[in-house]
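As structure tokens, the structure follows; a few thoughts come after it.
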Amino acid sequence: MTTTFAPAPDWGRMVRLPGVYAPQADSALLAGAVGRERAVAGGDVLDVCTGSGALALHAARLGARVTAVDIGRRAVLTARLNALLAAHRIAVHRGDLLGSLLPGSTFDVLISNPPYVPAPEAVPPRHRDAVAWDAGPDGRLLVDRVCDAAAPALRPNGVLLMVHSALNGPDATVRRLAAAGLDAEITDRVTVPFGPVLRARLPWLRRNGLLADRTDDREELVVVRAEKH
């Protein structure tokens with residue numbers, strides 16, 4: 001298991017429209033995992049919940065043929081603009097997870113940094129900045145859906161790499177992927193200070209038992225890797 005947190009890659013010149021998720025510590029952690037996958041160079045990579053397109057561009061710089069998907073119009077426009085700025089050919093689609101792709105589309109590597117922040121609202125927002133991070137009371141609304149969509153979208157020996165918080169129950173992610181027939185494990189971990197969203201929700205997180213330590217103000221991020229055999 002990797003525990004050393006590699007520095008963030010050089011994302012290059014990027015633009016970001018309001019409400020689009022900017023590359024942060026979770027993006028950097030996932031980028032490190034992407035860089036270790038041999039199948040990325042020369043392979044077909046799908047970036048689900050692409051946001052600014054930072055991870056899609058990272059995979060493209062490593063030699064991948066990249067498709068990126070996001071449900072947000074601003075995210076799709078941002079990712080397309082950033083691909084133009086970087087002079088990389090990336091197919092960016094607007095849609096709900098894999099729903100915008102051709103039926104039967106498969107990939108060598110699927111990467112995802114989905115919204116995963118636990119939120120009081122059961123239904124995620126659609127027209128606020130929080131659409132980039134809110135994911136229901138347990139933070140798993142999108143995490144579980146990515147897990148369920150991964151196996152059909154992967155080729156034999158294909159790999160899913162997904163980052164989320166320890167607040168979401170990484171062991172549950174591993175179990176769900178294993179139930180879908182994938183060989184899954186947690187490969188990367190890093191602990192970072194809470195950002196402003198989680199700091200603002202500390203009382204709610206504590207009331208709902210999502211923080212074991214009432215004095216805790218740090219979050220563990222994890223990358224779950226799952227391989228299809």
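Measuring from label point to label point, each 7 Å out along Cα→Cβ, what is the His229 to Ala166 span in nm?
So the label points at His229 and Ala166 sit 2.9 nm apart.
At a probe size of 1.4 Å, how large is the accessible area of Asp70, to the nearest 10 Å²?
Spelled out: Asp70, probe radius 1.4 Å, area about 20 Å².
Could you check how many percent of all C-alpha pairs in the range 1-70 are farther apart than 13 Å?
64
How long are the three semi-axes of the equivalent ellipsoid of the range 179-222, in whole Å, if each is the root of 5 times an eigenvalue of the C-alpha gyration tensor, listed from largest down? Intermediate results must be reported in sequence, preceding the final value.
Details: eigenvalues 135, 38, 17 Å².
Output for the range 179-222: semi-axes of 26, 14, 9 Å.
Can you give me the C-alpha center-to-center distance between the range 63-141 and the range 157-229, rounded to a whole angstrom?
18
Counting residues in the range 52-149 as N, plug N into 2.2 N^0.38 Å and put the Cα Rg over that result.
Compared with the compact-globule rule of thumb, the range 52-149 sits at 1.11.
Using +1 at the C-beta of Lys and Arg and -1 at the C-beta of Asp and Glu, which of Ala56, Leu29, Leu160 has the Cα lying farthest in the positive direction of the dipole of the range 1-160?
Farthest towards the positive pole: Ala56.
Would you mind classifying the range 1-122 by shape? Square roots of the alpha carbon gyration tensor eigenvalues, ordered a ≥ b ≥ c; an a/c under 1.5 is rounded, otherwise it is prolate if a/b is larger than b/c and oblate if not. The partial results should precede the final answer.
Details: a/c = 1.21, a/b = 1.06, b/c = 1.14.
Verdict is rounded for the range 1-122.
Heavy-atom accessible area per residue, the chain, 1.4 Å probe: how many Å²? Intermediate values should be presented prior to the final figure.
Values: 10820 Å² over 229 residues.
For the chain, the solvent-accessible area averages 47 Å² per residue.
Quickly work out the Thr106-to-Leu17 label distance, labels modelled 7 Å from Cα along the C-beta direction, and quote it in nm with one decimal.
It is 3.4 nm.
Could you check which residue among Val163, Val15, Val48 shows the biggest mean-square fluctuation in a GNM of the chain with a 10 Å Cα cutoff?
Looking only at Val163, Val15, Val48, the biggest GNM fluctuation is shown by Val15.
Using θ = phi - 60° and the Karplus form 6.51 cos²θ - 1.76 cosθ + 1.60, what ³J(HN,Hα) does each residue of the range 92-108 get, whole Hz, x for Gly and Pro?
10, 10, 9, x, 8, 6, 8, x, 8, 8, 5, x, x, 5, 10, 9, 7
Which entry in (i) 1.03; (ii) 1.10; (iii) 0.95 is this structure's computed Cα Rg over 2.2 N^0.38 Å?
Here Cα Rg over 2.2 N^0.38 Å agrees with entry (iii).
What does the charge count around Ser100 come to, taking other residues whose C-beta lies under 10 Å from its C-beta (Lys +1, Arg +1, Asp -1, Glu -1)? Intermediate results must be reported in sequence, preceding the final value.
Details: positive: Arg94; negative: Asp70, Asp96.
After counting each charged neighbour, the total is -1.
Compute the longest continuous run of the chain that contains no exposed trypsin sites (Lys or Arg not before Pro); treat a site as exposed when its DSSP state is not H, G, I, E or B and it has at most 13 other Cβ atoms within 10 Å. Display every interim value, and only then the final one.
Details: sites that count: Arg13, Arg38, Arg89, Arg126, Arg128, Arg214.
Looking at the chain, 129-213 is the longest stretch - no exposed trypsin sites (Lys or Arg not before Pro) with at most 13 other Cβ atoms within 10 Å.
The values are calculated or read from the model by the stated rules, or taken from the named source; none is laboratory data. Please read these numbers as outputs of a predicted model, since none were measured by experiment. As a convention, Cβ positions derive from the backbone with ideal geometry for all residues, glycine included, and neighbour counts pool all protein chains shown. Just so you know, the surface numbers come from the protein's heavy atoms only, side chains and all, with ligands and any DNA or RNA stripped out. Shrake-Rupley method; radii C 1.70, N 1.55, O 1.52, S 1.80 Å.
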